[in-house]
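Visitor: Structure in structure tokens, see below.
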Amino acid sequence: MAWVVRGEFRKLWLGQLVSASGSAITTVALPLVAVVTLQASPVEMGALAALTIAPHLVFGLLAGVWVDRWSLRRVLIWTDIGRLVLLGSVPVAAALDSLRIEQLYVVAVLAGVLTLLFDTASQTLIPALVPREDLMRANSAALLNLNLASTVGPSMAGFLVQVLSAPFAILVDAASYVVSAMASYLIREPARAPVPARSEFRLSAGLRVILGDRVLTPLSISAAVAATAGAMQGPLIVLYLLRGLHRSATFVGVTLTAFGVAAVLGTFVAPAWCRRVGIGRAYVSGVFLASLTGAALFTGLTSLILLGQALAGLGMSLFGIPQRTLRQYLAPPHLIGQVTATWRTLVIGGQALGAAASGLLATAIGIRPTLLVATAGMLLGVLIALLSPLRSFHTLPADPSSRRSMARD
């Protein structure tokens, strides 16, 4: 990544890497605090999981409005400081023997809001820090951070919980925000274009941009449909492997590792693949590969299960990088934050709906048929993209001033 991780973007990238790694640890450690330290009930665990997602749905659109009006560098710094304080309060309360589940609820919600603002601001800042020709590779480098963190983070979290206990493992995440804040402080944020009339900063602004663009519209619908369907199989994979196929916990770990390793490798492959087949077709191919994992699981064959997980990880990078780049490039510069936030709200909302539906559907028709339904849903997302102008969108136009007219013709 040396060819793009340079200049001011290097500082943002470093902050993202450290922050994402710490957050991956807390994703595992926070529920363990609830289970092991506080002996939380299933209802309390469900509430904690729901409160972790809720900020993205409730405050998603507002986050875009705020980010587009504020200094992006300051958003990064203050959200890091806020998360440092919130997560640092958990081990402090545990040391004082005063930790309660209600505190975890508050931490989950407020840290979720701050993470939402950080992620929206960092994605909005990327186009301002790298030249147009490096935008695709910059998004590849940014996604590499997330893939590395999600692959290595859970294992690291397990080790830290064993050594330090769950509450004090969260200290590592809290410390990561110190490094991230320092990296953000050093960024020289480019001057932003004059802010248009305040009327443009409305909750519907991002949605109007997406629905008014002949490329962003099918891209968003395709991604939301595929995300909803993909989330239907996510909660069932471990359950299906352990109870349905009677595989060992070690095998479950291997399958999840296959996904993570392939996703990391995919971030290196994606830019070249986009140049070879076109950015629109690269997105389509990525969603198609990711959709195969449900059918592979359905077969119950070890080789196909592992192959399906690897293809899903590769596919995630192949569709993730093009969609990020298209969104940043086709949105008006002063509304990138709102478009990003609207996108996240649609996709994460779809994931929440799919995850909730998976249990009901699996109870009604069984886990294996539900996996096929999820595969069919993701293939529907592929079809939506194939039947749209997205499939013929090959490269980003050389003249940035022509990008929106090109997308709307």
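The values are calculated or read from the model by the stated rules, or taken from the named source; none is laboratory data. What you see is a predicted model; the values in this text were computed from it and never measured. Methodologically, a virtual Cβ is constructed for each residue, glycine included, from the backbone with ideal geometry; neighbour enumeration extends over all protein chains shown. Heavy atoms of the whole protein, side chains included, go into the accessibility calculation; ligands, DNA and RNA do not. Shrake-Rupley method; radii C 1.70, N 1.55, O 1.52, S 1.80 Å.
Visitor: Of the conditions (1) in a helix (DSSP H, G or I); (2) surrounded by fewer than 20 Cβ atoms within 10 Å (Cβ to Cβ); (3) touching a residue at least 24 places away in the same chain (Cβ under 8 Å), GLN123 clears all except one; give me its number.
Guide: Unmet for GLN123, out of (1) in a helix (DSSP H, G or I); (2) surrounded by fewer than 20 Cβ atoms within 10 Å (Cβ to Cβ); (3) touching a residue at least 24 places away in the same chain (Cβ under 8 Å): (2).
Visitor: Just checking, does the stretch 356-372 include any residue being within 22 Å of the chain's Cα centre (by Cα), assigned to a helix (DSSP H, G or I), within 21 Å of GLY286 (Cβ to Cβ) and not aliphatic (A, V, I, L, M)?
Guide: no
Visitor: Can you find a residue in the stretch 256-264 that is under 22 Å from the mean Cα position of the chain (by Cα) and of a type outside the set (A, V, I, L, M, F, W, C)?
Guide: Yes, the stretch 256-264 has at least one match.
Visitor: Further question: Has the stretch 324-347 got any residue that is within 15 Å of ALA226 (Cβ to Cβ) and open to solvent by 50 Å² or more (accessible area, probe 1.4 Å)?
Guide: Yes, the conditions are met somewhere in the stretch 324-347.
Visitor: Kindly establish whether ALA20 is at pLDDT 80 or above, closer than 22 Å to LEU125 by Cβ and not β-branched (Val, Ile, Thr).
Guide: Judged against the criteria, ALA20 is a match.
Visitor: Still on this model: Open to solvent by 40 Å² or more (accessible area, probe 1.4 Å) and in a helix (DSSP H, G or I): is that true of PHE159 in this structure?
Guide: Here the answer is yes, as PHE159 does meet what is asked.
Visitor: Being open to solvent by less than 80 Å² (accessible area, probe 1.4 Å), aliphatic (A, V, I, L, M) and modelled with pLDDT under 85 is the filter here, so list the residues in the stretch 176-195 that pass it.
Guide: Once the filter is applied, which keeps residues that are open to solvent by less than 80 Å² (accessible area, probe 1.4 Å), aliphatic (A, V, I, L, M) and modelled with pLDDT under 85, the stretch 176-195 yields only ALA193.
Visitor: Output yes when any residue across the stretch 365-372 is modelled with pLDDT of 90 or more and over 30 Å from GLY244 (Cα atoms), and no when none is.
Guide: no
Visitor: In this structure, is ALA223 closer than 24 Å to ALA385 by Cβ and buried (at least 22 other Cβ atoms within 10 Å of the Cβ)?
Guide: yes
Visitor: Of all residues in the stretch 141-156 being under 14 Å from the mean Cα position of the chain (by Cα), open to solvent by 60 Å² or more (accessible area, probe 1.4 Å) and among the aliphatic types (A, V, I, L, M), which is farthest from GLY206 (Cα to Cα)?
Guide: LEU148
Visitor: Restricting attention to the stretch 355-375, which residues are among the hydrophobic types (A, V, I, L, M, F, W, C) and surrounded by 13 or more Cβ atoms within 10 Å (Cβ to Cβ)?
Guide: Of everything in the stretch 355-375, those that are among the hydrophobic types (A, V, I, L, M, F, W, C) and surrounded by 13 or more Cβ atoms within 10 Å (Cβ to Cβ) turn out to be ALA355, ALA356, ALA357, LEU361, ALA362, ILE367, LEU371, LEU372, VAL373, ALA374.
Visitor: Among LEU76, LEU104, LEU51, LEU32, which is at pLDDT 80 or above, open to solvent by 30 Å² or more (accessible area, probe 1.4 Å) and part of a helix (DSSP H, G or I)?
Guide: LEU51
Visitor: Whether any residue in the stretch 254-271 is surrounded by fewer than 16 Cβ atoms within 10 Å (Cβ to Cβ) and free of Cβ contacts under 8 Å to residues at least 40 places away in the same chain is what I want to check.
Guide: no
Visitor: Which of the numbered conditions does LEU61 fail, given that it passes all the others? Conditions: (1) among the hydrophobic types (A, V, I, L, M, F, W, C); (2) open to solvent by 40 Å² or more (accessible area, probe 1.4 Å); (3) over 28 Å from ALA356 (Cα atoms).
Guide: Only one criterion is unmet by LEU61, namely (3).
Visitor: Which one of ALA128, ALA93, ALA111, ALA138 is assigned to a helix (DSSP H, G or I), open to solvent by 50 Å² or more (accessible area, probe 1.4 Å) and in contact with a Pro (Cβ under 9 Å, 6 or more places away or on another chain)?
Guide: ALA128
Visitor: Related question: Determine which member of the set GLY266, GLY280 is of a type outside the set (A, V, I, L, M, F, W, C) and touching a Phe, Trp or Tyr at 6+ places or on another chain (Cβ under 6 Å).
Guide: Exactly one residue qualifies, and that residue is GLY280.
Visitor: For the stretch 291-305, check the following and say yes or no: at least one residue is out of contact with any Cys (no Cβ under 7 Å at 6 or more places or on another chain), under 23 Å from LEU390 (Cα atoms) and open to solvent by 10 Å² or more (accessible area, probe 1.4 Å).
Guide: Among the residues of the stretch 291-305, at least one is out of contact with any Cys (no Cβ under 7 Å at 6 or more places or on another chain), under 23 Å from LEU390 (Cα atoms) and open to solvent by 10 Å² or more (accessible area, probe 1.4 Å), which makes the answer yes.
Visitor: Please pick out the residue among PRO397, PRO389 that is modelled with pLDDT under 80, over 24 Å from the mean Cα position of the chain (by Cα) and closer than 30 Å to MET136 by Cα.
Guide: PRO397
Visitor: Right, something else. For ALA166, only one of the following conditions fails: (1) open to solvent by 10 Å² or more (accessible area, probe 1.4 Å); (2) in contact (Cβ under 8 Å) with a residue 60 or more places away in the chain; (3) farther than 25 Å from VAL339 by Cα. What is its number?
Guide: Result: ALA166 fails condition (1) only.
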